[in-house]
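A short reminder: the numbers here are calculations on the coordinates, not readings from a lab. Predicted model, so just to flag it, every value in this text is computed and none were measured.
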Amino acid sequence: MSKSTNAKIPRREASPADMTRAALVHAALKLFGRQGFDGTSTREIAAEAKANIGSIAYHFGGKAGLRAAAADYIVDTIQTIAGQAIGNLQRPSDSEAGDPEAARAQLFTALERMVAFIVARPEAGEIVQFVLRELSHPTAALDRIYDGVFEPTHRRLCLIWEQATGEAAESEATRLTVFTLIGQVVYFRIGREAVMRRMGWRAIGDAEATKIAAAVTDNLGAILARRHFNRPEGS
């Protein structure tokens, strides 16, 4: 056997154009979230990205195209994290469908990973801020985020909830319950300053995120326990 068979395929290094494009997307994500789309100039974005102002039109066709690219970056980032936490966003595997205990464990894992990213990761603040702006003043960027992240992730969690509890995935009660599970995690990001002041924390790092995850998963455990004890025999 040739030694070259086991050789690793070298990764393609990012070109200067790729790096400029990525820098512009990150700058737009930060500034659009902080100042809003109308309140942010292309000159500010270029300065933040340390790029030529003409590169915005070259790579994205203009500021609106850059906003769409920022939305796509959010979709790609969260799809990756959600995929690791809750698997295929479209439907459960056959093995998952008949195992309530595995589904319950998956819900706990999903919440823990949501906290680890949304609460503890610095870049999550810029993503959440951008999304909140879009939720307040919806544009086509919100459509991309909703279709790529919100709807499929929420639907997937509802399916896992059905497997864990026997409650219909698309019932109103299930959909609302899943929103409450997600919402309590998001609060610790958007209410970060208030949480730190009330808790006497200087920052929210890994240690604080672990405590938050424990509180959030305790809530999930209480909800599941109530559902479990109320289920009919044999279900």
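May I ask for the Kirkwood hydrodynamic radius of segment 167-229, worked out over all distinct Cα pairs and given in angstroms to one decimal? It would help to have the intermediate numbers written out before the result.
On the way: mean 1/r = 0.0757 Å⁻¹.
Computed over Cα pairs of segment 167-229, the Kirkwood hydrodynamic radius comes out at 13.2 Å.
Which one, (i) 27.3, 95; (ii) 19.7, 74; (iii) 20.9, 67, gives Rg and Dmax of the Cα atoms in Å as derived from the coordinates shown?
Read-out from the structure maps to (iii).
Please build a GNM for the chain, connecting alpha carbons under 10 Å apart, and tell me which residue among Leu159, Leu135, Leu220 fluctuates the most.
Most flexible of the set in this elastic network: Leu135.
In square nanometres, what is the average projected area of the Cα convex hull of segment 92-202?
Details: hull surface 32.8 nm².
Across all orientations, segment 92-202 yields a mean hull projection of 8.2 nm².
Which of the DSSP-defined H helices in the chain satisfy a minimum axial length of 27 Å, computed from C-alpha atoms, and a minimum mean Kyte-Doolittle hydropathy of -1.0?
Sorted by number, the helices that extend far enough and score high enough are 16-35, 63-86, 206-229.
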